[in-house]
Every structure is written in structure tokens, then in C-alpha cells.
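Note sheet for the following structure.
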């Protein structure tokens, strides 16, 4: 299926997102993700569907699919196309209209003339109906009423009531033009405040996005083969191009250093403020800063393939996904508008029967319409998710989906892989022995087998034996959890692997790699692996939080026991194949919500099976793809922050939902019993979303770990 990503203009709240979501679902689209905060809409297009038909359908709902064409840009720049423009246009008329309430003090008798008030109200009313009315009509026509229905009905009722009074010559008794104008103006004001406050929830993401387009110093060669440096936008660079990066400059794009060395600040992407020393052959990430030094580098990735683009895409996709807690709010938001219209009708009838006053009854029903706020329920989750994911990205923690962010609150135990996770994974060959074979030939065999493996032990052995003559294999394969198997052109079978391949040939189980030729042991190797400096601190922190810590490894029991004793882990499970790891994690997850932290190919199945799979950024690509959370810079110290962000984001969502429900439950009866005016109701409705956004923004500064 083709994946489609659009930018949709005109979404003012999560109720709008729900409307578009329902429409796309009706059309059979799958994997729909809509972010009401930045207007991103993505889905999988079913075969045979006409994109233009979908665009027209969204346009008919009152929104617009932006193509970033010249026509679209012109449309965006049109007068009265933004909330702030509409607010500034309506405000002067509304302020003058509201002065009539001070007529007894200011003695502005001419302002009491209903025809003058009609003239002052009409521009505001037309702008309001052009925006709220058109959106309301389209939403009703598509059987998906949105919040604008409530605003339009309230303003329309006040305006028509006043207009009738003016036409029959009894304007003084029917003078509510300022109510209609104030409702429209204050809702525009609320929408503007909502836009501003919700955009602040995106600030961490924006700081990353600003790093995407910068100038680069490209290296070219003239006819005399002399280097020529000329500036070029990084979006024009191609893989293989040469660039010069000087001290103090931003790395324009992902690259590999060919010459020079530098200290690079990668805090924008990893959250780690201490500069990292980079030398030739090291990779540098676009968006990081060269604090000192100067390098020449070769571009390794462009466009969507860069690390920064990958981060942004992950965060955007995660923001567009709904966690489980949002579904209840969605169900209520979907029927909220019809319910409020019903309450307004009951309010009008009930008050008219009780009070006998058409004016008071109408004002109370209008107040019910304008104070109701389905947006708050719809935005409760996206606002908190946007901040949580943004702060996570800013600190080098990538969540693949919003569900994993919420699920962190349930985690009761954390399972760790050993090699490359709790340990550095940077092995050094400490000892080896060749038996019944020449030492040079032994090194050649081992090098030729292990060079095809990505396992950290294999990488260290290859580095130690580098430069040896290579065996030309007829076939070579990696058997997960066991080792490398090769068959040469003469049909001889060679193995380099764990003790499992040599258990019937020797009782010595304390070596790391055993080497066999035709099922005969011809040598072994030992390597040393250091425990990560932060591992002890992380394990102690998790235990302090009451989480059970478990080591799950394919390594031998003796080595796992040694790691357990050093780090004071609660439990260890050793000598596990990838399949056994998968089954063990499935068993643990079935009884208790479990997070799994790993980095190797053999961890991938287990990561996918855990409640939450957590991978390190230097892990194998398969492990990263299998995990729901990626810790950038292979930094285990980010784990407590990831856990804390998950927990506190969920707390913020609950607080937001409580506010949204509490506000509407209290506000509707207050309005129905005439305890506030429509004007005050419109103001309170606009501010309700701002309160929610401010609560979400607290996540930026809140201590979470």
C-alpha cells in the first residue's frame, strides 16, 4: 500500500482531526494518523483510490489539503485567513458595540440606535459566519458536526433575535448585537491563544526542524585539480559529495570524516552536552555543532535518510497516533456537539416555561452553546503527547508510537541483554590458543569466518586479526545464538561460535569463541568486555523505583553470574538462544508488564515481544526496527528519563482529561441556570484550551527522573 502524507489547513482542534479521521475511515483508508497540532495527516492508500477525490472530500468538510503550490501559498497569505487577522479585524467593531453597556456613564445616546449597532455588528457577523458558519454547514452535511456548529448557532441566534427587533421597531428590547459580535470575536481570540499555546508544545521539535536547512561548504576541484570551496544549501548535497566544516559551524548533513579531527556537540540530537571527540572515519550527524577543530567529510546520507529526518519522522508519526486513553475522549467528542445542541434546546424551553421571558431563555441557551468546549477533550491527549515526545526527542529518546509512551506507566520489571547493553560491547582479544593447526592458519580461519558477523565479539576478533589472508568460502552463514559456519571449496566445514558447538569435544566451558574444523576442535579465543560506567547507577535507580531487574543473555552462566554480582541485579537467565529469549520475554510479559533493553540481532524477536522494547541507537538495524523506543548515542543513562517521561506524560494526560470533563460538566449547568452571560461564556471557552496547553507545557520543565 502507498503511504500518503498531507498537510491539512483549517484544523482548529482535535474535534476537527476526529472529523477527518472518520471521513478517511469511511473511505477505507488504513493506518490513519492525524496530528491536530501541526496539521499532519498520514494514511495508507488502498489500491484504486483516487487521491483527488479524497482531497475534495476533505475540502467539503471545511478543510484544505495544502500542496505547497504557488496557489496554496497565495491562499495562505489571503486577508482574514488566520485567527489573528480575523481577531484584529473584528475587535474594533466589537469594542465600540460594547460601549453601549456604559451608556449611562458615557452618555453615548447615538450608540443605542439599533440600526447603528446593526451596521457595527454586520462586518463581524459576516466574517464569523464565513468561517464558523461555512465550517458548521459542511460538518452537518457530512453528518460530522464540529465545534463551529455551537459557535455559529449561538452567534446566529443573538443576531437574528436582534435583527427581528430592529425590523419591527422594538430594537431597545431586542438589542443583543454586541452579544453576537462578542461571541465571534472572543472565539477568534480563544482560537488565537490556543494556536499560540499549542505551538509552544512543539518547540522542542521546532528546534530540531530549524537544523534541517543550513548552508554547507562544498569542496570541488577546478581544471588545475585545486580545491575550490563554495557555499551551497545542504538540501542540494548528494551522497559522496565532499564538504568542509570549520570550528563553530553546524554539521550540515550526515557525513563521515575523511581528514581532521574535532570536538562535536551533539546535544541537539542526543541531549548530551559534553562534546564528543571525532577523528577520521568517525560519523558526524547533521544538526550537531563543531565546537573546535576543522574537518573535511564525505556526505553519507541526504533527505529522508538522515538521522535528523528519521527523528522528526518518528516523532511526527508518534504524535499522530492515539494512545488507548484517548479513545474514550474521542467517543465522547464524537457525540458532544449534538448533545450540547440538545441541552441548549432543553435550556431554552425549560427557562421559557419557568421564567416566561423569551429574552432570558434565549440568552441562557446561547450561553450553553458558546461555553461548551469539545476541543478540550480532544486536545487533552495530543497536547501532552506533543510535549512528551518533543522533550524526549530533545533528550535523545525516540518513541515510535504514543502507545509506548503511555505504557511506560505500567512497567514493573526491566530485562537487559548483556553484551553491548550493560557492557560496553567494545571487546579486546585477551588470549587465544591454536591446536593441531599452524597459528597463522588459525588466525586466517578465524578472521575469514568472523568478518561476516556483526556480533561485538566477532568485530573485536576481526580487528585483532586484521590483515590476514582470507579463506574463500563456498558458503558462509550466521546461525543465530550459535556462531558462524563456513564451508570451503574443498568441502571442509568450519565453525566459530559459542561453547554449544564444542560441548561434546571439551569440558572447558570458560572460553568465548571455539573454532572447529570438520567437527574437531582446533582452538579457542578469550575476549574481555567492560561493564558500562553508568550500568551500576541505572540498575540502582530502577531498583529504587521498585522495578525488578533481570539479565537475559546468551552468554555462559559463569559470566552472567559475575555481571549480576557486580551490578546487584535481581535475577539472571543465561545461555539463551534467540528463540529461548523470545519465549522467556513472552512468559515474563504475560505475568508482568515488562520492558526489554537490547541491541543485537538476537535480541530483535524479544524486543518485539516485550510490553516495551528499548534499543540503543548503535544497535543492529533489526533491533532498532523491532523496538518501540530508541536511546540515541547508545546512552543507557537516558533510560530513567524515558521511564519518567512516560509516567509523567500519562499523569499530564489524566490531568488534562479531568480538566476537560470537569470544565464541561460544571460549565453547562452554570450557563443553563443563567449564572453567566454568553459573552463571559465565549471568553471562558477560549481560555479553557489555554489552561490545558499550559498544563501540558509544564512537562518541558518538570522533573521526571
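The values are calculated or read from the model by the stated rules, or taken from the named source; none is laboratory data. In this text the structure is predicted, and so the values were computed from the model without any measurement. A quick note on method: Cβ atoms are made from the backbone with ideal geometry, for glycine too, and the neighbour counts reach across all protein chains shown.
Suppose the filter is in contact with a helix residue (DSSP H, G or I) (Cβ under 6 Å, 6 or more places away or on another chain) and crowded, with 19+ Cβ neighbours inside 10 Å; does residue 434 pass it?
no
Taking the conditions exactly as written (part of a loop (DSSP other than H, G, I, E, B) and either at pLDDT 85 or above or more than 34 Å from the chain's Cα centre (by Cα) (or both)), does residue 126 satisfy them or not?
No: the conditions fail for residue 126.
Conditions (1) touching a strand residue (DSSP E or B) at 6+ places or on another chain (Cβ under 8 Å); (2) modelled with pLDDT of 85 or more; (3) more than 15 Å from residue 633 (Cβ to Cβ); (4) not assigned by TED's automatic domain parsing to the domain that holds residue 221, marked per residue:
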| position | (1), (2), (3), (4) |
| --- | --- |
| 258 | yes, yes, yes, no |
| 264 | yes, yes, no, no |
| 268 | yes, no, no, no |
| 271 | yes, no, no, no |
| 275 | yes, no, no, no |
| 288 | yes, no, no, no |
| 295 | yes, yes, yes, no |
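Yes/no matrix, rows are residues, columns are (1) in contact with a strand residue (DSSP E or B) (Cβ under 7 Å, 6 or more places away or on another chain); (2) surrounded by fewer than 20 Cβ atoms within 10 Å (Cβ to Cβ); (3) assigned by TED's automatic domain parsing to the domain that holds residue 490:
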| residue | (1), (2), (3) |
| --- | --- |
| 505 | yes, yes, yes |
| 510 | no, yes, yes |
| 514 | yes, no, yes |
| 518 | yes, yes, yes |
| 522 | yes, no, yes |
| 537 | no, yes, no |
| 540 | no, yes, no |
| 551 | yes, no, no |
| 554 | no, no, no |
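Could you give me the residue pairs with C-beta distances under 9 Å whose first residue belongs to segment 655-667 and is without any contact (Cβ under 8 Å) to a residue 24 or more places away in the chain, whose second residue is buried (at least 17 other Cβ atoms within 10 Å of the Cβ) and in a helix (DSSP H, G or I) wherever it lies, and which are 6+ apart or on separate chains?
Correct list of pairs: 658/380.
Go through 186, 153, 205 for me and flag whichever is modelled with pLDDT of 70 or more, surrounded by fewer than 24 Cβ atoms within 10 Å (Cβ to Cβ) and in a helix (DSSP H, G or I).
153
Using the structure shown, decide if residue 467 is at positive phi and either surrounded by fewer than 19 Cβ atoms within 10 Å (Cβ to Cβ) or out of contact with any helix residue (DSSP H, G or I) (no Cβ under 8 Å at 6 or more places or on another chain) (or both).
Yes.
Assuming residue 442 fulfils every condition listed in (1) over 21 Å from residue 516 (Cβ atoms); (2) touching a strand residue (DSSP E or B) at 6+ places or on another chain (Cβ under 7 Å); (3) in a helix (DSSP H, G or I) apart from one, which condition is it?
Failing condition for residue 442: (1).
Can you pull out every residue in segment 419-430 that is modelled with pLDDT of 80 or more and either crowded, with 24+ Cβ neighbours inside 10 Å or out of contact with any strand residue (DSSP E or B) (no Cβ under 6 Å at 6 or more places or on another chain) (or both)?
Within segment 419-430, 421, 422 qualify.
So, residue 555, is that one modelled with pLDDT of 90 or more and under 30 Å from residue 638 (Cα atoms) or not?
no
Would segment 450-468 turn up any residue that is part of a helix (DSSP H, G or I), at pLDDT 90 or above, in contact with a strand residue (DSSP E or B) (Cβ under 7 Å, 6 or more places away or on another chain) and under 25 Å from residue 580 (Cα atoms)?
Yes, segment 450-468 contains at least one residue that is part of a helix (DSSP H, G or I), at pLDDT 90 or above, in contact with a strand residue (DSSP E or B) (Cβ under 7 Å, 6 or more places away or on another chain) and under 25 Å from residue 580 (Cα atoms).
Enumerate the pairs (first residue in segment 211-238 and free of Cβ contacts under 8 Å to residues at least 60 places away in the same chain; second residue anywhere and surrounded by fewer than 10 Cβ atoms within 10 Å (Cβ to Cβ) and assigned to a loop (DSSP other than H, G, I, E, B)) with beta-carbon separation below 7 Å, excluding pairs fewer than 6 apart on the same chain, so at least 6 apart or on different chains.
Pairs that qualify, where the first residue is free of Cβ contacts under 8 Å to residues at least 60 places away in the same chain and the partner is surrounded by fewer than 10 Cβ atoms within 10 Å (Cβ to Cβ) and assigned to a loop (DSSP other than H, G, I, E, B), are 228/222.
Among the listed residues 374, 338, which satisfies the condition of being buried (at least 24 other Cβ atoms within 10 Å of the Cβ) and either more than 24 Å from the chain's Cα centre (by Cα) or modelled with pLDDT under 85 (or both)?
The match here is 374.
Among the listed residues 559, 581, identify the single one that is assigned to a helix (DSSP H, G or I), within 34 Å of the chain's Cα centre (by Cα) and buried (at least 18 other Cβ atoms within 10 Å of the Cβ).
Unique residue meeting the criteria: 581.
Go through the residues of segment 659-674 one by one and say whether even a single one is closer than 30 Å to residue 362 by Cβ, at pLDDT 80 or above and not in a helix (DSSP H, G or I).
yes
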